[in-house]
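Have a look at the structure below, then the notes.
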Amino acid sequence: MSPRRNRQHGGAKPAERAEGDRYGLEQTAEWRGEEWVVRHVGGGGAAKHYRCPGCDQEIPPGIPHVVAWPQLGDVDDRRHWHKACWNARDRRSARLQRSRNAPRY
């Protein structure tokens, strides 16, 4: 007996992503009275170290996370958040306590 083959049976082909949309779909969310653009980045799209503004911890390369920026903002206004920190952004304090030896980047 030969192995079973998984063939597609017609139907519509999945829509291909545009070149500028290789990281995922962008959504909008309201936060602090401002519209924010939110993009979920998978582990393959995360290539650098980032600092999460929600918990002030580092996001290492290869970890899925969220990129958010004000809709009317610039490229320099993008912030990389842990998914849990972005979901809890309204419950987080704006005054983080750093240790003396914590890096400030």
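The values are calculated or read from the model by the stated rules, or taken from the named source; none is laboratory data. This is a predicted model, so every value here is computed, not measured. Quick reminder, even Gly has a Cβ in these numbers, built from the backbone with ideal geometry, and neighbours come from all protein chains shown. The accessibility values were calculated without ligands, DNA or RNA, using every heavy atom of the protein model including side chains. Shrake-Rupley method; radii C 1.70, N 1.55, O 1.52, S 1.80 Å.
From the residues in segment 73-88 that are open to solvent by 30 Å² or more (accessible area, probe 1.4 Å) and hydrophobic (A, V, I, L, M, F, W, C), which one is farthest from Val41 (Cα to Cα)?
Checked segment 73-88; the qualifying residue farthest from Val41 (Cα to Cα) is Val75.
Say whether the condition of being open to solvent by less than 60 Å² (accessible area, probe 1.4 Å), outside any loop (DSSP other than H, G, I, E, B) and modelled with pLDDT of 80 or more is met by at least one residue in segment 21-28.
Within segment 21-28, none of the residues are open to solvent by less than 60 Å² (accessible area, probe 1.4 Å), outside any loop (DSSP other than H, G, I, E, B) and modelled with pLDDT of 80 or more.
Select, from Pro70, Pro61, the only residue that is in contact with a His (Cβ under 8 Å, 6 or more places away or on another chain) and either surrounded by fewer than 16 Cβ atoms within 10 Å (Cβ to Cβ) or of a type in the set (Asp, Glu) (or both).
Only one candidate qualifies: Pro61.
Which of the residues spanning segment 53-86 are in a helix (DSSP H, G or I) and more than 14 Å from Val38 (Cα to Cα)?
Asp76 - this is the single residue of segment 53-86 that is in a helix (DSSP H, G or I) and more than 14 Å from Val38 (Cα to Cα).
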